[in-house]
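Okay, structure first, notes after.
The values are calculated or read from the model by the stated rules, or taken from the named source; none is laboratory data. What you see is a predicted model; the values in this text were computed from it and never measured. Here the Cβ positions follow ideal geometry from the backbone for every residue, glycine too, while neighbour counts run over all protein chains shown. Each accessible area value is taken on the protein alone, full model and side chains, heavy atoms only, with ligands, DNA and RNA left out. Shrake-Rupley method; radii C 1.70, N 1.55, O 1.52, S 1.80 Å.
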Amino acid sequence: MNTALWLDALARRFPELLDELAPSPGRAPAGPRGPRPTGGSTPVRLFVSDTLRDITDGVMELEEAVRERLALRPVRPASVPVRLRRIAGVLDRIAADTDLATHVEDEARRMARRCARALGDPEQLIRLPGRCSACSSVSLRAFPERDEVRCVNPACDRPAVQDTRPAVQEVA
């Protein structure tokens with residue numbers, strides 16, 4: 001996934017975090033592992049609040065770093081989606097600076113994944129071709145968020161390895 005897609009995903013999903021912070025009556029709020037049953041009053045969910053703060057601060061700092069590195073004039077404070085659009089608007093200039101491009105993509109990916117986790121989305125899992133070198137099962141899976149490949153066969157004791165192979169088929 002490239003930087004523009006990560007920024008777009010974050011801009012689309014961020015408003016959902018605001019909704020999750022104060023859910024309406026009768027709606028099951030998302031927990032770290034998916035929807036939870038409702039009952040009575042809704043407690044403050046600190047993981048959502050912490051995620052909002054982390055992403056808001058991260059986007060603000062990322063925009064400031066981009067503007068400073070590209071020698072752009074300062075702009076007025078804005079909401080997270082507006083700031084993300086402003087960053088996306090200068091992606092062509094960001095791409096010309098390899099270090100900045102890597103930093104922007106890494107931060108956009110990190111924040112988009114954190115947002116997705118707070119909204120209850122499961123971690124992406126990718127099935128890899130071939131067999132495990134330790135147990136010979138066809139249970140190799142890539143975990144892109146952890147940047148690792150591991151055998152998911154419960155009987156296998158193969159340690160996780162750094163992901164260097166391309167993804168082939170996503171598992172639902």
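Helices (runs of 4 or more DSSP H) wholly in segment 49-162 with at least 2 residues that are among the polar types (S, T, N, Q) and out of contact with any strand residue (DSSP E or B) (no Cβ under 7 Å at 6 or more places or on another chain) - which ones? First the steps, then the outcome.
Values: elements: 80-89, 91-95, 98-118.
Output list reads 98-118.
Checking each residue in segment 53-81 for being of a type in the set (A, V, I, L, M, F, W, C), in contact with a helix residue (DSSP H, G or I) (Cβ under 9 Å, 6 or more places away or on another chain) and free of Cβ contacts under 8 Å to residues at least 60 places away in the same chain picks out Val59, Met60, Leu62, Ala65, Val66, Leu70, Leu72, Val75, Ala78.
Which of the numbered conditions does Gly39 fail, given that it passes all the others? Conditions: (1) open to solvent by less than 70 Å² (accessible area, probe 1.4 Å); (2) at pLDDT 55 or above; (3) out of contact with any helix residue (DSSP H, G or I) (no Cβ under 7 Å at 6 or more places or on another chain). Evaluating Gly39 over (1) open to solvent by less than 70 Å² (accessible area, probe 1.4 Å); (2) at pLDDT 55 or above; (3) out of contact with any helix residue (DSSP H, G or I) (no Cβ under 7 Å at 6 or more places or on another chain) leaves (2) as the failure.
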